[in-house]
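The values are calculated or read from the model by the stated rules, or taken from the named source; none is laboratory data. The model shown is predicted, which means the values in this text are computed figures rather than measured ones. FYI the Cβ positions are ideal-geometry reconstructions off the backbone, even for glycines, and counts take in every protein chain you see. Protein only, heavy atoms only, side chains kept; ligands, DNA and RNA dropped before computing areas. Shrake-Rupley method; radii C 1.70, N 1.55, O 1.52, S 1.80 Å.
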Amino acid sequence: MRIRLATIILASAILALAQFEVASIKPAAPDARGMRCMGGPGTTDPGSLTCENYSLSYLVMMAYNLRSFQLSAPSWMDTTHFDVIAKIPSGTDRRQFDSMQQKLLAQRFGLRVHFEKKDMTVYELTVGKNGPKLKESQEPATAKPQAPWRPPAGGPPGRMTAHVSRKDDSMADLANFLSNQLGQPVADATGSPAATTTRCPS
């Protein structure tokens, strides 16, 4: 028990020390169009973060790894947009990166967050009565880098029919993707092992 407690305290201390080397948050130009965010651990540019015309709601969702249905916030947070530029220390992992974003929002906006449980409708990804129609990936399964989660820049699509093509994804990955697109929670109820990868037909 003492060893476990010491480990938790050490991990908390490391996260408490994590911060951007330099960070800037400025209001986006009034005529800015579209939203874009690049960089961070697990991407091709792990040493920097650049977000353009990002709403405050999206910055919060990115920092806390939330989706739109998990965030309850004032409406003005969806319409107030900012440009963010930050330099990330070498060797920063995903947890430290999230902590850096959370601290930055707290410092610049006085942001305070609390979590609570809420009853809501959940979609389930299940196997059809005739079995799955997916093709198992022939490529060896490899660990994917844990890149920062980004809110869908255009928001969830409207009601429409669409074709989805995903390669070398587990069923849990597919459920997460669908959850992003629908703006509703989607649970993997296929019973597939988390490590199993599948290829969805286009």
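Residues that are in a loop (DSSP other than H, G, I, E, B), of a type in the set (Val, Ile, Thr) and either open to solvent by 40 Å² or more (accessible area, probe 1.4 Å) or closer than 25 Å to GLU116 by Cα (or both) within region 77-97 comprise just one, THR80.
In summary, THR50 fulfils each of the numbered conditions (1) among the hydroxyl-bearing types (Ser, Thr, Tyr); (2) farther than 17 Å from LYS26 by Cβ; (3) in a strand (DSSP E or B) with the single exception of condition (2). The residue pairs whose first member lies in region 55-75 and is under 10 Å from PRO151 (Cα atoms), whose second member is part of a helix (DSSP H, G or I), and whose beta carbons are closer than 6 Å, counting only pairs six or more residues apart or on different chains, are SER57/MET77; SER57/ASP78. Hey, does region 60-76 have a residue that's open to solvent by less than 20 Å² (accessible area, probe 1.4 Å) and over 16 Å from the mean Cα position of the chain (by Cα)? The answer is no, given that none of the residues of region 60-76 is open to solvent by less than 20 Å² (accessible area, probe 1.4 Å) and over 16 Å from the mean Cα position of the chain (by Cα). Given the criteria assigned to a helix (DSSP H, G or I), open to solvent by 30 Å² or more (accessible area, probe 1.4 Å) and without any contact (Cβ under 8 Å) to a residue 60 or more places away in the chain, does GLN102 qualify? Yes: the conditions hold for GLN102. A search for C-beta distances below 6 Å between a residue of region 43-54 that is over 15 Å from PRO151 (Cβ atoms) and any residue that is surrounded by fewer than 16 Cβ atoms within 10 Å (Cβ to Cβ), counting only pairs 6+ apart in sequence or on different chains, returns THR43/ALA147; SER48/LYS87; THR50/MET38. Within region 87-96, is there a residue that is of a type in the set (A, V, I, L, M, F, W, C), in contact with an Asp or Glu (Cβ under 9 Å, 6 or more places away or on another chain) and modelled with pLDDT of 90 or more? Taking every residue of region 87-96 in turn, at least one turns out to be of a type in the set (A, V, I, L, M, F, W, C), in contact with an Asp or Glu (Cβ under 9 Å, 6 or more places away or on another chain) and modelled with pLDDT of 90 or more. For region 139-193, what are the residues that are at pLDDT 60 or above, of a type in the set (D, E, K, R) and open to solvent by 40 Å² or more (accessible area, probe 1.4 Å)? Scanning region 139-193 gives GLU139, LYS144, ARG150, ARG166, LYS167, ASP173, ASP188.
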